[in-house]
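The values are calculated or read from the model by the stated rules, or taken from the named source; none is laboratory data. Remember, predicted model here, so these are calculated numbers, not experimental data. Using ideal geometry, Cβ is built from the backbone for each residue, glycine included, and neighbour counts are taken over all protein chains shown.
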Amino acid sequence: MEPKWLEWAKSLQAEAQNGLTFATNEFEVERYKHIMDIAFEMMASNSDADLAHVKDLFKDVEGYATPRVDVRGAVFKDDKILLVKEKSDGGWTLPGGWADPNETPSRSVEREVLEESGYEVRAVKVFAVFDRAKQGHTPPFPYHVYKLFFLCELKGGKKTASIETDDADFFEEGNIPALSRARTSSRQIKVCFEHHRAPGLPADFD
């Protein structure tokens, strides 16, 4: 679970963002901006990030506050799961990333898998929708994230490195390498294998 201070700060930021979206009175606008600054100061003072960096994370965020969407693809070959190695931290993760505007979730995950691993896939089922804040990821994020997990059918392609990844490979359930904990957890890998073995299971969700 994320620390309580971060939950409070994210709630304040979201309330301020929503207020700025609808406020018309100049005094209300100033009040919501002040609340936003308080939220940013809470995030900065309790983390390794400085205040300017925290503000920069939200510089293009406007309109009603909603969670961001992260998509992840579970791709299997010979009962082994596809993982990619992140350049940023050296850990392994399910291929995926932020969903793009004007793309369906299925198209987003197919694109992400191809870009990060070199393998062409077809999304066939959503098997889990998780709240990142409840999944034990580290470090915590300053914004709210929903993670969508898709079972994907391998169609072709070959292993290829990318701007964000150094390697891609298939791993047995009992031989999973050190994970990029910001992106994928061991519990999520377990859920992937459960749905691979039993595709008829109902979707997991928080």
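What do you reckon, is residue 109 surrounded by 16 or more Cβ atoms within 10 Å (Cβ to Cβ) and assigned to a strand (DSSP E or B)? It is false that residue 109 is surrounded by 16 or more Cβ atoms within 10 Å (Cβ to Cβ) and assigned to a strand (DSSP E or B). The condition of being under 26 Å from residue 61 (Cα atoms) and surrounded by fewer than 18 Cβ atoms within 10 Å (Cβ to Cβ) holds for residue 102. Restricting attention to the range 48-88, the residues that are among the hydroxyl-bearing types (Ser, Thr, Tyr) and either crowded, with 16+ Cβ neighbours inside 10 Å or under 30 Å from residue 118 (Cβ atoms) (or both) add up to 1.
Within the range 130-161, the residues that satisfy the criterion of being closer than 24 Å to residue 171 by Cβ, in a strand (DSSP E or B) and among the hydrophobic types (A, V, I, L, M, F, W, C) are 130, 148, 149, 150, 151, 152, 154. For the range 49-88, a residue qualifies if it is in a loop (DSSP other than H, G, I, E, B) and β-branched (Val, Ile, Thr), and the qualifying residues are 61, 66.
Does residue 125 satisfy the condition of being surrounded by fewer than 21 Cβ atoms within 10 Å (Cβ to Cβ) and in contact with a strand residue (DSSP E or B) (Cβ under 7 Å, 6 or more places away or on another chain)? Against the criterion (surrounded by fewer than 21 Cβ atoms within 10 Å (Cβ to Cβ) and in contact with a strand residue (DSSP E or B) (Cβ under 7 Å, 6 or more places away or on another chain)), residue 125 qualifies.
Taking the criterion of being more than 17 Å from residue 60 (Cα to Cα) and surrounded by fewer than 17 Cβ atoms within 10 Å (Cβ to Cβ), the residues of the range 1-21 that qualify are 1, 3, 4, 5, 7, 8, 11.
Among the residues of the range 89-99, those identified as part of a loop (DSSP other than H, G, I, E, B) and surrounded by 13 or more Cβ atoms within 10 Å (Cβ to Cβ) are 89, 91, 94, 95, 99. Taking (1) in a strand (DSSP E or B); (2) more than 24 Å from residue 142 (Cβ to Cβ); (3) of a type outside the set (S, T, N, Q); (4) within 16 Å of the chain's Cα centre (by Cα) in turn, residue 121 satisfies each apart from (4).
Considering only residues that are hydrophobic (A, V, I, L, M, F, W, C) and modelled with pLDDT of 95 or more, look in the range 146-166 and name the one that is farthest from the chain's Cα centre (by Cα). Going through the qualifying residues, I end up with 154. For the range 41-65: of the residues being modelled with pLDDT under 85 and among the aliphatic types (A, V, I, L, M), which is farthest from residue 12 (Cα to Cα)? Per the criteria, the residue is 49. Within the range 1-25, take every residue that is small (Gly, Ala, Ser) and without any contact (Cβ under 8 Å) to a residue 60 or more places away in the chain and give me the one that is farthest from residue 66 (Cα to Cα). The qualifying residue farthest from residue 66 (Cα to Cα) is 23. Among all positions in the range 38-48, there is at least one residue which is over 20 Å from the mean Cα position of the chain (by Cα) and in a loop (DSSP other than H, G, I, E, B). Condition (residue is closer than 18 Å to residue 112 by Cβ, of a type outside the set (Gly, Ala, Ser) and in contact (Cβ under 8 Å) with a residue 12 or more places away in the chain) applied to the range 193-200: is it met by at least one residue? There is no residue in the range 193-200 that is closer than 18 Å to residue 112 by Cβ, of a type outside the set (Gly, Ala, Ser) and in contact (Cβ under 8 Å) with a residue 12 or more places away in the chain.
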